[in-house]
Number of protein chains: 2
Amino acid sequence: MGPGEGATTGPLLGEVGERGVLAEVFAALADQPVDGVLVGPGDDTAYLRVRRAAVLATTDTMVLGHDWRDDWSTPQDVGVKATTQNLADIASMGGAGTGLLVTLAAHPRLPVAWARGLAEGMAWASRRSGVPVVGGDLGAAPDGVVMVGVTALGELPEGVEHPVRRDGARPGDVLAVSGPLGRSGAGLAQLLEGRHEGAWVDYHRRPWTDLGQGPRAALAGASSMIDVSDGLVRDADRVARASDVRIDLRPGAVDALAAALDGVPAEAARRAVLGGGEEHVLLATFVPDAVPYGWVLLGDVVAPDGGGAGVWLGPDCLDPARGGWDHYGG
Amino acid sequence: MGPGEGATTGPLLGEVGERGVLAEVFAALADQPVDGVLVGPGDDTAYLRVRRAAVLATTDTMVLGHDWRDDWSTPQDVGVKATTQNLADIASMGGAGTGLLVTLAAHPRLPVAWARGLAEGMAWASRRSGVPVVGGDLGAAPDGVVMVGVTALGELPEGVEHPVRRDGARPGDVLAVSGPLGRSGAGLAQLLEGRHEGAWVDYHRRPWTDLGQGPRAALAGASSMIDVSDGLVRDADRVARASDVRIDLRPGAVDALAAALDGVPAEAARRAVLGGGEEHVLLATFVPDAVPYGWVLLGDVVAPDGGGAGVWLGPDCLDPARGGWDHYGG
């Protein structure tokens, strides 16, 4: 996948029309998995095989200027990120993706090459994850507006009867995370400082984590799970409130995660670990001896004892509004 | 459902934040069907029961200024229309909806009452259709931008093994339509002329048709099917090209459909029947003796005979680019 060169030149959506855009998009998606796709893109709906008696379904939207900047991210990056965040939602229920729908709503002066780059990014993510793009929609938007919406469908693995929800954490459980934290947040901070290269910037542009850990956690009996999309504190707080428990983060674990962010000053690294969003690693609770291989212990679930549900770090109750991200700033 | 009063005043999205908006949306959706919903809104994904071995999935997006105008449509209208167009895509494959996901991407100065009105419209459509809203996403957008995306899941009825596609029309079949044509197009023309009341304006604002005709057509053995979303000529042309056949519209049938548009001048009625979009009735082909009760005969499927696939009316080959609608004007 190239670095998005050419995505700002060439013919525009309004010049080639829907058919022309779709031809480019279908060409980019030609080389993707087709297992389970009974009817793919091009008809009124997709038709997708289902092996279990239920499906997981989720949707997430990215908007130019809010969820990405064109001077920071190629259309391929946007395609990968939009796919990751939806597949992470499927993984956080314990499932694996089975199909993706994509919507592009854009102004008519968007270069067709941008739409093609988006499809290339999704095709890359599709091949890596084994989850096909099965359909989508093209729409027009006001001048300067570009929106990418992805819907993901998925299924639970054999042996897991119920999705892992947010509300099942119990006192005595431990909290663990499926990968490093703070990479995307550290990358965003570097981009804001004008640094456009490096591992954390790359991860912010194109988050990609082992989402197979979702089904693995479900098979191991995870009592609750969520993916870190809005920041550790905010997402752990969602689990704590839904489960009516207190989550005590282990200070040593937070320090170790921050120290792993090479080249990031200590205070910024700590902020990235606690508050950085778009990380998409998984956060789950387990009985202590059930934590799967590869997960990092991060905290302990305790009864709220009148103090209210929430996330604590040592003596401090952490305010999710200060450690995370709200789409409307509320 | 009220006429959207209050949707332009009161607190704004940016003032109440995500939680505040979600509380309003969930309140509006409280009284909807829950059959088959194993996990509903509020977790990372929905979890939906599946009775057959495959699911139908489709998505469609509406953008303020392109797909609706706030001086013509209440948020409730937008919720109904967004639901109808997605359920019509499911119906046009022969299926019935099982679940809906909704995305609202909006600028922070949108009144919360607008978001609540949208949810009320979807809840109304949900109760009427029996298809629950199972999840969604809230996102921020640039100033003045409001976008509503809906994804619909569905299933085929017992007794139908394959979805009805666009490419199965065969010479000797007849073309039939599941309801009146041109209502939405006639309503749009009246709105453009400054008329804001009447049956056709109402239908344009809130298209609602008997989508149970989709499964009925599939059970009757329909050879192809599509819903009229971009205009009769454009959508019939899609069937003709996918099936490599010529579709001859019956002039008398077109005239009768136009004459049924009370109060619309003859030439405008004809334009609305042939080119009006957002109608969402179903267009299907059948062997002549299999047309289900309630469908209106509209044309005949014939071999292209070297003339190329397309839609004809008497001696004229109809140009889909002039009879329909392209999102980018291409």
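The values are calculated or read from the model by the stated rules, or taken from the named source; none is laboratory data. Here the structure is a predicted model, which means the values were calculated and not measured. All Cβ positions, glycine included, derive from the backbone under ideal geometry; neighbour counts span all protein chains shown.
Annotations
- Filter result for B:Thr103 (at pLDDT 95 or above, among the β-branched types (Val, Ile, Thr) and closer than 18 Å to B:Glu18 by Cα): yes
- In region A:79-87 there is at least one residue that is more than 10 Å from every other protein chain (Cβ to nearest Cβ) and over 24 Å from B:Val102 (Cβ atoms).
- Inter-residue pairs, beta-carbon under 7 Å, first among the hydroxyl-bearing types (Ser, Thr, Tyr) and in region A:169-192, second assigned to a helix (DSSP H, G or I), 6+ apart: A:Ser178/A:Gln213; A:Ser184/A:Tyr203; A:Ser184/A:His204
- Of the residues making up region B:91-103, those that are crowded, with 24+ Cβ neighbours inside 10 Å and not β-branched (Val, Ile, Thr) are B:Ala91, B:Ser92, B:Met93, B:Gly94, B:Gly95, B:Gly97, B:Gly99, B:Leu100, B:Leu101.
- Members of region B:127-141 found to be more than 9 Å from every other protein chain (Cβ to nearest Cβ) and crowded, with 24+ Cβ neighbours inside 10 Å, listed by number: B:Val131, B:Pro132, B:Val133
- Of all residues in region A:19-36 being touching a residue at least 12 places away in the same chain (Cβ under 8 Å) and facing chain B (nearest Cβ under 10 Å), the one that is nearest to B:Ala105 (Cα to Cα): A:Val21
- Looking across region B:274-299 at every residue that is β-branched (Val, Ile, Thr) and touching a Pro at 6+ places or on another chain (Cβ under 9 Å), the one that is surrounded by the most Cβ atoms within 10 Å (Cβ to Cβ) is identified as B:Val281.
- Residue count, region A:239-273 (criterion: of a type outside the set (A, V, I, L, M, F, W, C) and crowded, with 22+ Cβ neighbours inside 10 Å): 2
- Here A:Val63 qualifies as within 22 Å of the chain's Cα centre (by Cα) and among the aliphatic types (A, V, I, L, M).
- For region A:48-64, the criterion of being more than 9 Å from chain B (Cβ to nearest Cβ) and closer than 28 Å to A:Gly214 by Cα is satisfied by no residue at all.
- For region A:261-315, residues that are over 26 Å from A:Gln190 (Cα atoms) and of a type in the set (Val, Ile, Thr) total 6.
- Take the conditions (1) crowded, with 24+ Cβ neighbours inside 10 Å; (2) in contact with a Ser or Thr (Cβ under 9 Å, 6 or more places away or on another chain); (3) more than 12 Å from chain B (Cβ to nearest Cβ); A:Pro111 misses just one of them, which is (1).
- Of the helices (runs of 4 or more DSSP H) that lie entirely inside region B:237-330, not one contains 3 or more residues that are of a type in the set (Ser, Thr, Tyr) and not assigned by TED's automatic domain parsing to the domain that holds B:Gly179.
- If you go through region A:90-101 and pick out every residue that is farther than 12 Å from A:Val150 by Cα and either more than 10 Å from every other protein chain (Cβ to nearest Cβ) or outside any helix (DSSP H, G or I) (or both), you end up with 7.
- Of note, B:Ala54 satisfies the criterion of being modelled with pLDDT of 95 or more and more than 17 Å from the chain's Cα centre (by Cα).
- Unmet criterion (only one of (1) surrounded by 13 or more Cβ atoms within 10 Å (Cβ to Cβ); (2) more than 19 Å from the chain's Cα centre (by Cα); (3) of a type outside the set (A, V, I, L, M)) for A:Arg322: (1)
- Residue within region A:267-287 that is more than 23 Å from the chain's Cα centre (by Cα) and under 26 Å from A:Trp68 (Cα atoms) present: yes
- Selected residue [among the small types (Gly, Ala, Ser), within 14 Å of chain A (Cβ to nearest Cβ) and in contact with a strand residue (DSSP E or B) (Cβ under 6 Å, 6 or more places away or on another chain)] from B:Gly144, B:Gly231, B:Gly154: B:Gly154
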